[in-house]
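Structure first, then comments.
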Ligand SMILES: [Zn+2]
C-alpha cells in the first residue's frame, strides 16, 4: 500500500480555497431587463446579508440552508415573495420603488427562516421585519401606535416589539423563537417561559413605554 503524501503548500491552498464563501447569489432579470441596476444592488446586499441573517437567527456554526440563492425579477402582482431557495420580485414594484432595498433583506430572512408554515404569521413576519428594520436599516422607521395596534399585525410593529423584548426581557429571544419555529416546537407559551409574561402582558408593557 502506498502512503499518501499531502503537499503542505497545496493543503494550505486548498484550505484557503474552501474558506471562500460557501454560497452564490444568482440574479435573473431576463423577463424584466429594466430591473438590471436594482438586481445588481440586490445581489451585493444578498451576498453580505444572507450569511449575516443566518447568524442572527441561528448563530455562528449553522451551515447556510441553500448553496445558491436566486433573485428573480419578473412581471407579477404584489411586491415579492420567498421560496426555499430564493426570492421573486415584482418588476413593477422596483420601477415604482427603486429605493426599497430593505424588502430584499425581509424576503431573504424568509429564505433563511424556512419555517414551512410552522410558527405564527405575526411572528414569522415580525422576525423578518426585525432583521430588516432593527439590523439592516435601524432607526429609519417610527411606527405609529394607537389603541388598536397589536403585535398580531406582524411586520414592522411586531419587529419593533421583538426588539424591545430582546433589549428588556431576554437577549436570546430571537434565536430561541426562530429555532422553535424552525423545528416545529414553537408555542406562544414560550414567551411566558422566556420572558416571565405572556405576549399580551408584554405588549401592554411595551405600549406604555411607547406612549410616554
Ligand atoms: Zn414577509
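Residues of region 107-143 that are under 21 Å from residue 85 (Cα atoms) and exposed (fewer than 15 other Cβ atoms within 10 Å of the Cβ): 116, 117, 121. All of (1) within 14 Å of the ligand (Cβ to nearest atom); (2) farther than 30 Å from residue 204 by Cβ hold for residue 154 with one exception: (2).
Against the test of being outside the structural domain of residue 133 (by TED's automatic domain parsing) and within 30 Å of residue 171 (Cβ to Cβ), the options 97, 106 yield a single qualifying residue, 106. All conditions in (1) within 14 Å of the ligand (Cβ to nearest atom); (2) modelled with pLDDT of 95 or more hold for residue 117, with the sole exception of (2). Here residue 88 does not qualify as in contact with a helix residue (DSSP H, G or I) (Cβ under 7 Å, 6 or more places away or on another chain) and within 16 Å of the ligand (Cβ to nearest atom). If the condition is being within 16 Å of the ligand (Cβ to nearest atom) and either under 15 Å from the mean Cα position of the chain (by Cα) or on the phi < 0 side of the Ramachandran plot (or both), then region 70-84 contributes 71, 76, 77, 79, 80, 81, 82, 83, 84. Is it fair to say residue 25 is under 19 Å from residue 115 (Cβ atoms), touching a strand residue (DSSP E or B) at 6+ places or on another chain (Cβ under 6 Å) and outside any helix (DSSP H, G or I)? Answer is no for this residue. All conditions in (1) closer than 15 Å to residue 132 by Cβ; (2) surrounded by fewer than 19 Cβ atoms within 10 Å (Cβ to Cβ) hold for residue 61, with the sole exception of (1). Test residue 44 against the stated conditions and say whether it is at pLDDT 60 or above, in the same structural domain as residue 102 (by TED's automatic domain parsing) and not in a helix (DSSP H, G or I). No: the conditions fail for residue 44.
The values are calculated or read from the model by the stated rules, or taken from the named source; none is laboratory data. Nothing here was measured: the structure is a model prediction, and the numbers come from that model. Methodologically, a virtual Cβ is constructed for each residue, glycine included, from the backbone with ideal geometry; neighbour enumeration extends over all protein chains shown.
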